[in-house]
Amino acid sequence: MLTYTLRRLLLAIPTLLLISLVIFLLVDLAPGSPASEIPLTVPPEVREKILESLSVNQPIFVRYLLWLKQFFWVEPLNGIDWLFGTNYAEGMQRIISYQTRSPVFPLIGERLPQTLTVIGTAYLVGVLIALPIGIYSAYRQYSLFDQFGTMFAMIGFSVPTFFTGTVFIIVFGVWLGWFPTKYDTTLEVTDWDSFVKQLRQMAMPVMVLGLANAAAISRYMRSSMLENMRQDYVRTARAKGMSERTVVLKHVLRNSMIPVVTIIALGIPSIFGGAIITENLFGVNGIGAALIGAIRGNDLPMVQTLAFIFAILIVTFNLIADVLYGLLDPRIRYD
């Protein structure tokens, strides 16, 4: 299993380097530059110093290598300095945002807790709802519960989150007044009342995203369960006198989780990436809102860094899914 994991990890390194090059070139060659944001009244020598401080007057290949060095070396050293009070990264040039003229990673760190709180909770709720629905729908195929689960999944698949979110705001926020229509990012949970306020303002975005996530995962779970319940080993287990609970939850469920693990694992990076539409709809000041603001403001370093972080997360959780494959199916680890 260790050899399998190391092999997959080594394959991930060139993949990430290629992705980093593609992301850098696509964003860097896109229309819009920091020079266009500098007022025309600024003297040429001052303009040149500004561009030099942003490292945008160098050849593109030099800028790419500098960005890689900053991402993988300078920023981790700054993180170590922040944690342990050292000064390893003192004087080193960091990835600077064009909009705020401040390092990118602290800005991302400020937004990350909001995204993890709301989007992470929504994803967890979606998974916890989807798995039981998919398992029981497969076990009771064509029953009333299965038909209700199919209708639930169809709604989650076909209705976009911006429409669902707008309906939730009108019904639960405006008509009924149960939940606030906008997320208060300045709220600090210090007592029971503030905790209740936090739950109330999280309720609608969590429900909207939870519905979308649960719809997809429950269908994969149901299809995988149905495929495995028709296999010979299930009939053999029943013929041996095993209880239906043991057959379904021990034998069928473990084999059915293999494809579902991929869907769940590859969906986890979306938590860190934020739900761009939902965050903007409910006013959650998270990573998704930061990405939209960076795109609108031609903040190329912020866009490049966020896009590459998303790519790293996707490759990482793809690796985790492969390892979990080996744990769930012993045949894979010896392949």
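The values are calculated or read from the model by the stated rules, or taken from the named source; none is laboratory data. All of these numbers come straight from a predicted model, not from anything done at the bench. A quick note on method: Cβ atoms are made from the backbone with ideal geometry, for glycine too, and the neighbour counts reach across all protein chains shown.
Points to keep in mind about this one:
- Residue match in region 198-212 (condition: of a type in the set (Val, Ile, Thr) and touching a helix residue (DSSP H, G or I) at 6+ places or on another chain (Cβ under 6 Å)): yes
- In region 285-296, the residues that are in contact (Cβ under 8 Å) with a residue 12 or more places away in the chain and farther than 14 Å from Asp28 by Cα: Asn285, Gly286, Ile287, Gly288, Ala289, Ala290, Leu291, Ile292, Gly293
- Condition check for Ile133: more than 17 Å from Gly210 (Cα to Cα) and in a helix (DSSP H, G or I): no
Residue-by-condition table, conditions (1) over 18 Å from Ile169 (Cβ atoms); (2) touching a residue at least 60 places away in the same chain (Cβ under 8 Å); (3) aliphatic (A, V, I, L, M):
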residue: Leu187; (1), (2), (3): yes, no, yes
residue: Pro205; (1), (2), (3): no, yes, no
residue: Ala212; (1), (2), (3): no, yes, yes
residue: Arg219; (1), (2), (3): yes, yes, no
residue: Leu226; (1), (2), (3): yes, yes, yes
residue: Arg230; (1), (2), (3): yes, no, no
residue: Val234; (1), (2), (3): yes, no, yes
residue: Ala239; (1), (2), (3): yes, no, yes
residue: His251; (1), (2), (3): yes, no, no
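- Flag: Gly267 matches the condition of being within 30 Å of Leu29 (Cα to Cα) and not hydrophobic (A, V, I, L, M, F, W, C).
- Lone qualifier among Gln114, Gln93 - being in contact with a Ser or Thr (Cβ under 9 Å, 6 or more places away or on another chain), part of a loop (DSSP other than H, G, I, E, B) and modelled with pLDDT of 80 or more: Gln93
- Restricting region 175-233 to residues that are β-branched (Val, Ile, Thr) and assigned to a loop (DSSP other than H, G, I, E, B) leaves a set whose member that is nearest to Arg140 (Cα to Cα) is Thr181.
- Region 180-207, subset in contact with a Phe, Trp or Tyr (Cβ under 6 Å, 6 or more places away or on another chain) and buried (at least 20 other Cβ atoms within 10 Å of the Cβ), residue modelled with the lowest pLDDT: Tyr183
- Contacts under 9 angstrom Cβ, first residue in region 1-23 being without any contact (Cβ under 8 Å) to a residue 40 or more places away in the chain, partner among the basic types (Lys, Arg), 6 or more apart: Thr3/Arg333
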